[in-house]
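The values are calculated or read from the model by the stated rules, or taken from the named source; none is laboratory data. Quantities reported herein were computed from a predicted structural model and do not represent experimental measurements. Note that we place each Cβ from the backbone using ideal geometry, even for glycine, and neighbour counts take in every protein chain shown. SASA here: full protein model, heavy atoms, side chains in, ligands and nucleic acids out. Shrake-Rupley method; radii C 1.70, N 1.55, O 1.52, S 1.80 Å.
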4 protein chains.
Amino acid sequence: MIVNAGGVKCGQGNFIIIGGPCSVESETQIADIAEKVKAGGADMLRGGAFKPRTSPYDFQGKKEEGMEWLLEAKKKTGLPVVTEITGVEHLPLYDDVDVIQVGARNMQNFELLTELGNTRKTILLKRGMANTLRELLSSAEYILAGGNDNIILCERGIRTFETETRNTLDLAAVPVLKHMTELPVIVDPSHGTGHSYLVEPMALAAAACGADGLMIEVHSDPARALSDGQQAVTPDKFTEIVAKVRRVRAAV
Amino acid sequence: MIVNAGGVKCGQGNFIIIGGPCSVESETQIADIAEKVKAGGADMLRGGAFKPRTSPYDFQGKKEEGMEWLLEAKKKTGLPVVTEITGVEHLPLYDDVDVIQVGARNMQNFELLTELGNTRKTILLKRGMANTLRELLSSAEYILAGGNDNIILCERGIRTFETETRNTLDLAAVPVLKHMTELPVIVDPSHGTGHSYLVEPMALAAAACGADGLMIEVHSDPARALSDGQQAVTPDKFTEIVAKVRRVRAAV
Amino acid sequence: MIVNAGGVKCGQGNFIIIGGPCSVESETQIADIAEKVKAGGADMLRGGAFKPRTSPYDFQGKKEEGMEWLLEAKKKTGLPVVTEITGVEHLPLYDDVDVIQVGARNMQNFELLTELGNTRKTILLKRGMANTLRELLSSAEYILAGGNDNIILCERGIRTFETETRNTLDLAAVPVLKHMTELPVIVDPSHGTGHSYLVEPMALAAAACGADGLMIEVHSDPARALSDGQQAVTPDKFTEIVAKVRRVRAAV
Amino acid sequence: MIVNAGGVKCGQGNFIIIGGPCSVESETQIADIAEKVKAGGADMLRGGAFKPRTSPYDFQGKKEEGMEWLLEAKKKTGLPVVTEITGVEHLPLYDDVDVIQVGARNMQNFELLTELGNTRKTILLKRGMANTLRELLSSAEYILAGGNDNIILCERGIRTFETETRNTLDLAAVPVLKHMTELPVIVDPSHGTGHSYLVEPMALAAAACGADGLMIEVHSDPARALSDGQQAVTPDKFTEIVAKVRRVRAAV
C-alpha cells in the first residue's frame, strides 16, 4: 500500500526521508533547518509545536506560534510537513499540515485516534514505548474504523532494562509489521537511540531491513536545542546519512 | 497528606477500599453490585462508563448512559464514586463524580492532566504500564501545577516479560513513593495481576506494605462480565478480602 | 510439601526466617552476626563465601576460608546455614552446609542443577532476573529429575525498566507458584529491592501474600560491608522486622 | 582489534559469516550442512553438541559423540568450527575446536569465564538475555583478566514484553559496543528473532550498522530439526542471505 504524504509517496518501494528539529524554536531556526534538510535530501520537514514533555517545567513547545513558523517554512521550501498533535481540540490548527503525528505517549489515546479516523489526513502513528506490535495495529484500527487508511506506522524504540540507549530500537518490528499489515512502516533512529552518534548506523540498519522511510532529528546547533539536543544530528551529518541510506537501499 | 474522596479520607492512616465492576453494564448491574460492595465494607464504588480498550471492536463502555446509572447507584447507596475520564471534552459529565480516574494509558496525556489541574476534583492517577515512579510524580506535577493537590496515586502493575500475570504488580512502588511524596498511594490488585485468584493475596500484601487503600474489581457474575471478568472477584469474596485486609492493617 | 532445612521445616504453614550478611567477611564478623540474628529470631544463618560478582575486580568472597568461618558460626549458635554454590567443583566443601543456594545468575546453569539433583541436599533455587516462573519450575525439574525433591524456591526480584529499585520484586510470584507447584516459596526482599528502607515493608508484604519464609541480609555495620551494604539491615532492625512479620502471619 | 577465529580474521573490516545447525544431530547431518554452508559462503561452521535447554526433558545434544561428528565435518570441509561449552569440566574436549561459545545463560557463569581466561582459545561471548552492555563487558573482563583477549562479542536479543519475536534483537548494541570496546561484535539474527522469515532482514540490518559478522542457524530440513527449527533457514536461503549481506557491506 502506498500512502500519500503531502504529495510524497510512502510505501511499496517508495522511501521517505523526514528531517527537522525536535521542536520548532523560532521562525529563523525552522526556516534555516528546512533549507538545509531540503538541500540534504529530505522529502519532508518535521518540527514539533505542541510538545508532550514528562515534566510540566520543561519547554512545552511554541504551540500556535510554532505552527505558523513551521507552515511558513513549508511555504518557502515546498517541503510537506509533519508535526505532532497532543489533543483533539487542536485539530483545526492542522489544516495545512500534511501529516499529523500521534506520538508514543498518545498511541492509546483512543479518543484522539477515533477523531483522526474521521479526518482524511495522513497520520504518522508512533509505537508506544511499552506497546506490542499487535497493540500498535489495534491502535491503527481505531483510525481505519473511521474510514481513514492514510496511516504510516513508526517504530521509535521500546522501553527495556538497557540504559546505554534512551530506548531499545526494535528493528525486527519492521519485517514483523510488514508480515502483518500492508501499511508502510518507517523508523525514528533519533528517539530510538537517544544519541546522535547512533543515528547513522541505525538509519542504515532500518534501510537494510526494509523500512519505508526514516524520521531523523536535525538541528543546526544541537548543543543549544531546547529539547532532545543530544539525539540531533547536524545538517551536514544528515546529508551524509541520506547519501549512505540511498546506497544501502540500492544494495537490497 | 490526607485527600478527601467524596467525604472519605485517604492517606495518613486512613485506608480506603474501593470496589465495583470494571464496566457499568446496566442500571440493575451497577445498583446490585453497589449494594453488595457497600455491605461488604467498601468505602467507595468504582465503575467505568468510558472504557479505553485496546481494540475498537471491543466493548467501549456505556458512556453517558453508564454515567447516569453509576450516579443513580451513588444516590441509592450513599457511596461516593470513582470513574475514569478518557478525554477533556467529557469533563462536564463529571460534576457529580467524587473522584476522577486517569487510567494507565493516559498517565502521560498531558493536556488532560493540565485540564484536571484546573479543577479542584480529586484525581486518582494510575501509573502507566511502562512508566517509572519518577514519571508518575512528574505527571502528578502537571495536576499540582494548576493548583489541584487532591491527588491519589495508584500502582496497578507494570509491563514485563512475565506472562503468568497480566502485569507485574510492583508493590515496592508503595514504600518508594511514600519516600518521595506526601500523596497517598493505593493499589489495584485486579489489573495488577489479571487473575481473580491473585486478588486476595496481593490485596493483603498491599495492606501490609503500607498502601493507603485498594481498588478491587467486583462482579456478581464474573464469567459474564463485558470486560475483564477473569480478574473480578464475587461480592462474597470481596467481603472476605475486606475482613482479612482489616486484620492485616491492625497487625502492622 | 514440607522441606527440611537443617532440621527446620519450611512449607505448609512452617515459615522460615533466614538472616545474615551478604558475604562472610571474617571469623568474628560472621560469629557476631550469627549470635545477633539468632537472638533476633532467625531460624537459619546465611552468608556467602563464594560470591558471583559482575566485575572480576569486585570482592569475590573469602571462599574456603569463609566457608570454615561460616561452619564455625553454625557450631557456636546451632543455627543451620545456607550458602551459595558457584561451580560443581566446589561441591565437596558443602558437606556440612544445610542448604545450598543456587543464585539468580546460575538458575539456568543446567550442569550445576543436574549435579545437585544427584545429591540429597536441600537446594534453595533463586529465580533468574529475566526468567519466567515457568522457567524457574523447569530449572527445579532438573534437580527433581535426579531424584532430589528437597527444593525451596526463592523470588528475589526481576529486571525491569524501573530504576528506583535494584530489581522489581514480583510478589505475585508467590501465589502463582503455589498455584503451580507444591514446593515451598520464600522471598528475598534485600536483593528484591536493593535498599534497606524497603526491606521491612516488602518482608511484611511477602508474609501477607503467603510466602513460606524470608531471606534477609543483616550486617552489624552496613556502611562498611564488603558487598551490598546498602540493602542490609542492622541486627536491631532485623529483630523488629521478625516481630512484625510474626504479627502479620498471625493475622492471615 | 582483529581476533583470529581458526585462521579466519574477525574485526577491523574483516567480516565473518558463521553458518550451521542449532544442534549436531548425526554424522551425516552435520557433514551435509557443513558442505552446504561452505558452498553458500560461510567462513565458519557452527553446531551445538552440549545444549543448555530450559527443560530437562528436551533434547540435550549429542554431547561427546556430537563433538566428534562436528570435528569430522571440520576435517572434511576445512571450515573452522564454533561450538558451545556448558561446563568447565568439558574443556578437554575442546582442544580442536577453533572458537568456544559461551551462551547467553552462562554469560555470568564467572567460574567458567575465569577458566576460559586461562586458555588462549578464541571465545565467542553471547550477551545474556537480561544483561546490559556494561555487564557484557564486565563478563569479557573475566576472560581478559586471565590474559586471554581472543574474544568476540555477540548480540543475540534481549528479553522484553514483545511476544511476536522470541527475543528483541538490540542492534544498537553493535555501535554502542564499538564505542566502548575494541573487541569485535557479531550478531545472531536466528536467536535474536526466533523466526526464519526474520533472519534475512535482520542479517542485512546487522551488516548495515557495522557488525563484524553474523551467526546464522541453517538446517537442511528445518521442520525436522531436533531444536529451534522454526528459526533455521535452509542452505539455499543462507546462500541468498550471504550474497545480499556482501552487497550491503560493499555499500556502507
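Points to keep in mind about this one:
- Counting every C-alpha pair in chain A, the share spaced more than 35 angstrom apart comes to 5%.
- Taking amide H as placed 1.01 Å from N in the peptide plane, the amide H of C:Ile158 sits under 5 Å from that of C:Thr168, C:Leu169, C:Asp170, each at least 5 places away or on another chain.
- Normalising the average separation of contacting C-alpha pairs (under 8 angstrom, six or more residues apart) by the number of residues puts the relative contact order of the range C:44-123 at 26 percent.
- The Cα atoms of the protein assembly as shown give a gyration tensor whose axes a ≥ b ≥ c have a/c of 1.5 or more with a/b no greater than b/c, which makes the shape oblate.
- Sorted largest first by accessible area at a 1.4 angstrom probe radius, with every protein chain in place, the residues A:Thr234, D:Thr160 fall in the order A:Thr234, D:Thr160.
- The range B:1-48 and the range C:90-139: distance between their alpha carbon centers, rounded to Å: 46
- Projecting the Cα atoms of D:Tyr197, D:Thr28, D:Gly128 onto the dipole axis of chain D, where Lys and Arg carry +1 and Asp and Glu carry -1 at the beta carbon, places D:Tyr197 farthest toward the positive end.
- Each Cα pair under 8 Å and six or more residues apart adds its sequence gap; the mean of these over the residue count of chain D is a relative contact order of 20 percent.
- In the frame of its principal axes, the range B:128-217 has Cα extents of 40, 25, 22 Å, reported largest first.
- For the protein assembly as shown, accessible area per residue (1.4 Å probe, heavy atoms of protein chains only), Å²: 32
- Solvent-accessible surface (1.4 angstrom probe) belonging to B:Trp69, in square angstrom, nearest 10: 50
- Taken about its Cα centre, the protein assembly as shown carries a charge dipole of about 0 debye when Lys and Arg each add +1 at the Cβ and Asp and Glu each add -1 at the Cβ.
- Protein accessible area in chain C, 1.4 Å probe - carbon and sulfur %: 46
- The lysine pair count for the range A:1-142, using Cα distances under 12 Å and pairs eight or more places apart or on different chains, is 4.
- Computed magnitude of the charge dipole of the range A:84-123 (debye, nearest 20; Cβ of K, R +1, Cβ of D, E -1): 160
- When the GluC sites (Glu not before Pro) in the range C:181-252 are filtered for DSSP coil states and for at most 13 other beta-carbon atoms within 10 Å of their beta-carbon, the remaining sites are C:Glu182.
- Debye, to nearest 20: dipole size of chain D, +1 on Lys, Arg Cβ, -1 on Asp, Glu Cβ: 560
- Gyration tensor (alpha-carbon) shape descriptor, the range B:88-161, a/c threshold 1.5: prolate
- Relative contact order [Cα under 8 Å, 6+ residues apart], the range C:108-252, whole percent: 17
- GNM result for chain B, Cα springs below 10 Å: residue of B:Arg53, B:Arg156, B:Arg105 fluctuating most strongly: B:Arg53
- For A:Arg134, A:Arg246, the ranking by accessible surface with the largest value first comes to A:Arg134, A:Arg246, using a 1.4 Å probe.
- For the pair A and B, the buried accessible area comes to roughly 2300 Å² in total, with a 1.4 Å probe and the value rounded to the nearest 100.
- Take B:Thr119, move 7 Å from Cα toward the beta carbon, and the resulting point lies 2.6, 6.1, 6.7 nm from the same point in each other copy, nearest first.
- Ligands, DNA and RNA aside, D:Arg249 has an accessible area near 80 Å² when probed at 1.4 Å.
- Environment charge of A:Ala243, counting only residues whose C-beta is closer than 13 Å and scoring Lys/Arg +1, Asp/Glu -1: +2
- A straight line joining the Cα centroids of the range C:236-250 and the range D:159-197 runs 45 Å.
- Placed amide H near A:Gly20: partners under 5 Å, 5+ positions off or other chain: A:Arg46, A:Ile216, A:Val218
- Per residue of peptide A:109-117, the mean number of Cβ atoms on other chains within 10 Å of the residue Cβ is 5.
- Largest to smallest accessible area among C:Thr54, D:Thr114 [probe 1.4 Å]: D:Thr114, C:Thr54
- Shape category assigned to the range B:25-71 from the gyration tensor of Cα positions, a/c cut at 1.5: prolate
- Other copies of C:Ala243: label-to-label distances in nm, shortest first, labels 7 Å along the beta-carbon direction: 3.0, 7.5, 7.9
- Average other protein chain Cβ within 10 Å of Cβ, residues C:132-143: 3
- Rounded to the nearest whole Hz, the Karplus-based 3J(HN,Hα) values (6.51 cos²θ - 1.76 cosθ + 1.60, θ = phi - 60°) of the range B:156-171 follow the sequence 9, x, 10, 8, 9, 6, 5, 10, 5, 10, 5, 9, 9, 6, 9, 5, with x at glycine and proline.
- Label-point spacing for D:Gly78 across the identical copies (point 7 Å from Cα in the Cβ direction), in nm and ascending order: 5.8, 7.5, 9.3.
- Nearest beta-carbon to the C/D symmetry axis - residue in chain C, distance in Å: C:Ala130, 1
- Shielding of B:57-64 by partner chains, average beta-carbon count, 10 Å: 1
- Solvent-accessible surface (1.4 Å probe) assigned to B:Val3 amounts to roughly 0 Å².
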